[in-house]
Amino acid sequence: MKRIFLYLFLLPVITYGQETDLIQYVDPFIGTDRMGHTYPGATVPFGMVQLSPDTDTIPYETGGKYNADVYKYCAGYQYEDSTIVGFSHTHFSGTGHSDLGDILLMPTTGKLQLNPGTADAPEKGYRSRFTHETETASPGYYSVTLGDHDIQAELSATVRTGMHRYTFNKGGNAHIILDMMHGIYNYDSKNVWTFIRVENDTLVTGYRQTNGWARTRTVYFAIAFSKPIESYGFVNFAPAQVYRGFWRRFDQRTNFPETAGTKIRGHFDFDT
């Protein structure tokens, strides 16, 4: 997104016009380290979407007690981190408390993994290492290379839409993970309910209901892919949740048209 600002100065005897590109002075990485609580991702002024990388999954509570380490992740991103869990679509910036981190997507290659892994062992999950040398950000745009998967991820945004462009630099199995469990300031009971429906081979819809800092909040989404989905599946990590819909004869985990629950992750597989 590029804006040109025109300044018109009116003087008694002359008119003076000047063009200045102010975007060159904006650094989205300011405040992304330690307690700055800002994110480097893509958004527009007063936009409903703040599409940005999340670099860890530290829970709000551990053993029923507040986890102080979560505080520096108010915006989901820490400059000192070396792994990216994925790209979620809602973020606070510069706050002293937090929430959101909704609808996380992560492109991967190779073996399908539906757990995020850890910062110390990202290869055991779908997250990826990255370096700041391959990371860029400017107003309305973010780009990074996911080292473990050799994927360039580019993000942009409009008022109500987040746009992803993934460049898979090697062939083979390509997946896009949809994590409905992920959240900022997360804890076990934060998800009240989630729902995913595969409408056709390029469109997925759904919603997530949460009780966090923002109470009784529902986020609806529609994901449109530029290439057809080859296969897909869902896993509900919550115990004793059985689907009671009309498609009972189908396998709920593979190529099933819809799913619901509190702890769902899905995958969409593509031919690259």
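The values are calculated or read from the model by the stated rules, or taken from the named source; none is laboratory data. The structure presented is a predicted model; accordingly, all values stated were derived computationally and were not measured. Every residue, glycine among them, receives a Cβ derived from its backbone with ideal geometry; neighbour counts consider all protein chains shown.
Need a quick list: strands (runs of 3 or more DSSP E) entirely within the range 156-272 having at least 3 residues that are more than 21 Å from PHE87 (Cβ to Cβ) and at pLDDT 90 or above. Walk me through how you get there before you give the answer.
Working: elements: 162-168, 173-179, 191-198, 203-210, 217-224, 231-236, 258-261, 264-271.
Qualifying strands (runs of 3 or more DSSP E): 191-198.
Taking the range 177-192 only, how many residues are in contact with a Gly (Cβ under 8 Å, 6 or more places away or on another chain) and closer than 24 Å to PRO107 by Cα?
Summing the residues that are in contact with a Gly (Cβ under 8 Å, 6 or more places away or on another chain) and closer than 24 Å to PRO107 by Cα in the range 177-192 gives 10.
Yes/no matrix, rows are residues, columns are (1) more than 24 Å from PHE130 (Cβ to Cβ); (2) surrounded by fewer than 12 Cβ atoms within 10 Å (Cβ to Cβ); (3) hydroxyl-bearing (Ser, Thr, Tyr):
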{"site": "ILE30", "(1), (2), (3)": "no, yes, no"}
{"site": "ASP33", "(1), (2), (3)": "no, no, no"}
{"site": "VAL44", "(1), (2), (3)": "yes, no, no"}
{"site": "PRO53", "(1), (2), (3)": "no, no, no"}
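Has the range 71-89 got at least one residue that is small (Gly, Ala, Ser), crowded, with 23+ Cβ neighbours inside 10 Å and assigned to a loop (DSSP other than H, G, I, E, B)? Step through it out loud before you land on a result.
Quick first cut of the range 71-89, residues small (Gly, Ala, Ser) only: 75-76, 82, 86, 88.
When the remaining residues are screened for being crowded, with 23+ Cβ neighbours inside 10 Å, the result is 75-76, 86, 88.
When the remaining residues are screened for being assigned to a loop (DSSP other than H, G, I, E, B), the result is 75-76.
Within the range 71-89, one or more residues are small (Gly, Ala, Ser), crowded, with 23+ Cβ neighbours inside 10 Å and assigned to a loop (DSSP other than H, G, I, E, B).
Out of the residues in the range 104-121 that are buried (at least 21 other Cβ atoms within 10 Å of the Cβ) and touching a Ser or Thr at 6+ places or on another chain (Cβ under 6 Å), state the one that is farthest from PRO40 (Cα to Cα).
PRO116
Would you check which residues across the range 123-151 are outside any strand (DSSP E or B), small (Gly, Ala, Ser) and crowded, with 18+ Cβ neighbours inside 10 Å and list them? Show your work before the answer.
Quick first cut of the range 123-151, residues outside any strand (DSSP E or B) only: 123-127, 130-135, 139-140, 147-150.
Adding the requirement that they be small (Gly, Ala, Ser) leaves 125, 140, 147.
Those that are outside any strand (DSSP E or B), small (Gly, Ala, Ser) and crowded, with 18+ Cβ neighbours inside 10 Å: GLY125, GLY140.
Go through the residues of the range 138-151 one by one and say whether even a single one is acidic (Asp, Glu), out of contact with any Lys or Arg (no Cβ under 6 Å at 6 or more places or on another chain) and in contact (Cβ under 8 Å) with a residue 24 or more places away in the chain.
So far as the range 138-151 goes, no, none of its residues is acidic (Asp, Glu), out of contact with any Lys or Arg (no Cβ under 6 Å at 6 or more places or on another chain) and in contact (Cβ under 8 Å) with a residue 24 or more places away in the chain.
Yes/no matrix, rows are residues, columns are (1) crowded, with 16+ Cβ neighbours inside 10 Å; (2) in contact (Cβ under 8 Å) with a residue 40 or more places away in the chain; (3) among the acidic types (Asp, Glu):
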| site | (1), (2), (3) |
| --- | --- |
| ALA153 | yes, yes, no |
| TYR166 | yes, yes, no |
| ALA174 | yes, yes, no |
| ASP179 | yes, yes, yes |
| PHE195 | yes, yes, no |
| ASP201 | no, no, yes |
| THR218 | no, no, no |
